[in-house]
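Below: the structure, in C-alpha cells.
The values are calculated or read from the model by the stated rules, or taken from the named source; none is laboratory data. Given the structure is predicted, the values throughout are model-derived calculations rather than measurements. Here the Cβ positions follow ideal geometry from the backbone for every residue, glycine too, while neighbour counts run over all protein chains shown. Only protein heavy atoms, including side chains, enter the accessible area calculation; ligands, DNA and RNA are left aside. Shrake-Rupley method; radii C 1.70, N 1.55, O 1.52, S 1.80 Å.
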Amino acid sequence: MNILFVSHEDKLFGASKSLINLIDEFRDKHNCIVVTRSVNGDFSKELIKRGVRIIPARYYTWEIQKKSKGLDFRWISHCIFWRLFGRILDKLATRKIKNQLDCKIDIIHTNSGVVDLGLFLKKELGCPLVWHLREFGFEDFGYKPYFKENRFYAEIDKADGIIAISDAIQRKFEQHLSHAKIKRIYNGVDTTNLISNKKYHLENNEKLVLLISGSKISVAKGQKLAIDAVKLLNNKGISNIELRIAGYGDLSEIGIYEIPENIVFLGHVNNMVEQRSDVDIELVCSRCEAFGRVTVEAMLGGIPVIGANTGGTPELIKDSYNGFVFQYGDPEDLADKILFFYNHREKIKIMGRNAQEYAIENFLIGRCAKEVEEFYDELLQRS
C-alpha cells in the first residue's frame, strides 16, 4: 500500500512522535511518503534517518492560537494572509507534490486537524483521505480557524475516514461530523519507553521525585499548577520532595520568575527515558489533553501518574490503581494526591507496576498500527 502522510509541525512534539511510531510499524510492508513543511526540523531529520522519503512543500495551517477573546492582531493578520494567499499557495503545493510522486497513492493520511492540505491532495489524486484528529483545537491549545466553525467541521467531514485519538475527542467531533466516519483509535507508544530496572525512593528519608513534562512551557500544559501544589506542601513543612519540570521555553512565559530550591527546571530534554529512571510520580496537569502520550510514556516507565480530570486523561488513569485523577485547577487537590504517595511510599511501586502492565496491554504502537491498517482496508473496500 502506498500511503501519503501529511504532517503539520517541524519539532518532535507528541503528534509527530506518534506518526513516526506508526511509520516505523508500517515501513516493512507499506510504502510511506511524508509531506513536510520543512526539511530542517527534528521531525524531518528523524524520517531521513530512517530512510523515509519526504516531500517538502510550502503549505499553511488553517487555524492558529487566538490569544485573546477580543482583538488579536496576530490572528487577524494570519487570517488576512490565509484568505489572500494561503489558498493559492496550498494549491501550488498540491501540484508540486503530485509532480514529485512516482507511484499511485492508495491512502492520504493527514496527521492533525490544523492543516487541510489533505483535502486538496484528495481531489487531485482521487484517493481516500483519513483525517487523524489529535487535538481538541480550542479547548487545549486555543486554536481558532480563519473562518466560521460550521465550515471548519464541514470541511473535515469531507474526509472518507476520521480517527479520534480518545473517546473525549470523538465525543466532541461527532456532534458536528458524520458518526459513521469516525473511529476511536488510541495512540500507540513504542517499547523504548519501557524501564525494567526502575529506581524508586521508598524510604521516608529519601526525596520523593516528581516530574511534569510537556512539549513546551505554557498555561495549557499546567506547569504552574504543579508548582503551586509543591509550594503548598512546602508551606506545610513537607519539603523532602523534588519537582522536575521538562519542556521547551521559559517559566516566565507562565508568570513564574522564582521557584523554591526543591523545584528544578530542566528545559528541553531529549532522553526522557533516562530522566524517568529515578522518577517516582509523574504529573499531568494539562488543561485538556486530547489523549496524553506523556501519561502513557510515564506508565510504560513504571511510574504512577497523577492527572487532571479533563480531556482524555481520565481514560488512561484508573483512579487508585495506576495513579490518581485530581480536579483540574485545584492545586490543593493535587497536593493531597502527592501527599498520599509521600506518606504511603509502598503504593508507588505497586501502582507503578500496575501502570506499566496496563500501558503494555492497551497502548503499545503495534495495537494502534493494526487498528489503523484495518481502518484503511475498510475505506479502500468501501471506495
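Considering only residues in the range 202-214 that are touching a helix residue (DSSP H, G or I) at 6+ places or on another chain (Cβ under 8 Å) and not small (Gly, Ala, Ser), the one that is surrounded by the most Cβ atoms within 10 Å (Cβ to Cβ) turns out to be Leu211. Within the range 169-197, the set of residues being open to solvent by less than 10 Å² (accessible area, probe 1.4 Å) and part of a helix (DSSP H, G or I) comprises Ile169, Phe173. Of the residues making up the range 324-334, those that are in contact (Cβ under 8 Å) with a residue 40 or more places away in the chain and under 25 Å from the mean Cα position of the chain (by Cα) are Tyr328, Gly329, Pro331, Leu334.
For the range 55-75, the candidate set comprises residues that are modelled with pLDDT of 90 or more and over 22 Å from the mean Cα position of the chain (by Cα); within that set, the residue that is surrounded by the fewest Cβ atoms within 10 Å (Cβ to Cβ) is Arg58. The listed residues are Leu92, Leu101, Leu117, and the only one of them that is under 21 Å from Ser38 (Cα atoms), open to solvent by less than 10 Å² (accessible area, probe 1.4 Å) and of a type in the set (A, V, I, L, M) turns out to be Leu117.
Checked against (1) surrounded by fewer than 24 Cβ atoms within 10 Å (Cβ to Cβ); (2) touching a Cys at 6+ places or on another chain (Cβ under 6 Å), Gly311 meets all criteria but (1).
Within the range 193-239, the set of residues being among the basic types (Lys, Arg) and more than 17 Å from Ile254 (Cα to Cα) comprises Lys198, Lys199, Lys207, Lys236. Being among the charged types (D, E, K, R) and over 16 Å from Val114 (Cα atoms) is true of Asp42. Filter the range 120-130 down to the residues that are closer than 19 Å to Tyr376 by Cβ and open to solvent by less than 60 Å² (accessible area, probe 1.4 Å) and list them by number. Those that are closer than 19 Å to Tyr376 by Cβ and open to solvent by less than 60 Å² (accessible area, probe 1.4 Å): Leu121, Lys122, Leu125, Cys127, Pro128, Leu129, Val130. Within the range 337-383, the residues that satisfy the criterion of being without any contact (Cβ under 8 Å) to a residue 24 or more places away in the chain and not charged (D, E, K, R) are Phe340, Asn343, His344, Ile350, Gln381. In the range 248-269, the residues that are among the polar types (S, T, N, Q) reach residues that are surrounded by fewer than 15 Cβ atoms within 10 Å (Cβ to Cβ) with C-beta atoms within less than 7 angstrom, at least six apart or across chains, in these pairs: Asn262/Ser239. Scanning the range 329-383 for residues that are among the charged types (D, E, K, R) and open to solvent by less than 50 Å² (accessible area, probe 1.4 Å) returns Asp333, Lys337, Arg345, Glu371, Glu373. Filter the range 131-168 down to the residues that are of a type in the set (A, V, I, L, M, F, W, C) and either open to solvent by 10 Å² or more (accessible area, probe 1.4 Å) or more than 30 Å from Leu84 (Cβ to Cβ) (or both) and list them by number. Scanning the range 131-168 gives Phe136, Phe138, Phe141, Phe147, Phe152, Ala154, Ile163, Ala164, Ile165, Ala168. In summary, strands (runs of 3 or more DSSP E) completely within the range 205-316 and bearing 1 or more residues that are on the phi > 0 side of the Ramachandran plot occur at 241-248, 263-267.
All of Ile281, Ile241, Ile227 fail the test of being aliphatic (A, V, I, L, M), within 24 Å of Thr191 (Cβ to Cβ) and open to solvent by less than 10 Å² (accessible area, probe 1.4 Å), apart from Ile281.
For the range 314-338, a residue qualifies if it is aromatic (Phe, Trp, Tyr) and either out of contact with any Cys (no Cβ under 9 Å at 6 or more places or on another chain) or closer than 18 Å to Leu202 by Cα (or both), and the qualifying residues are Tyr321, Phe324.
Quick check: is even one residue across the range 255-266 at pLDDT 95 or above, farther than 21 Å from His201 by Cα and charged (D, E, K, R)? The answer is no; no qualifying residue exists.
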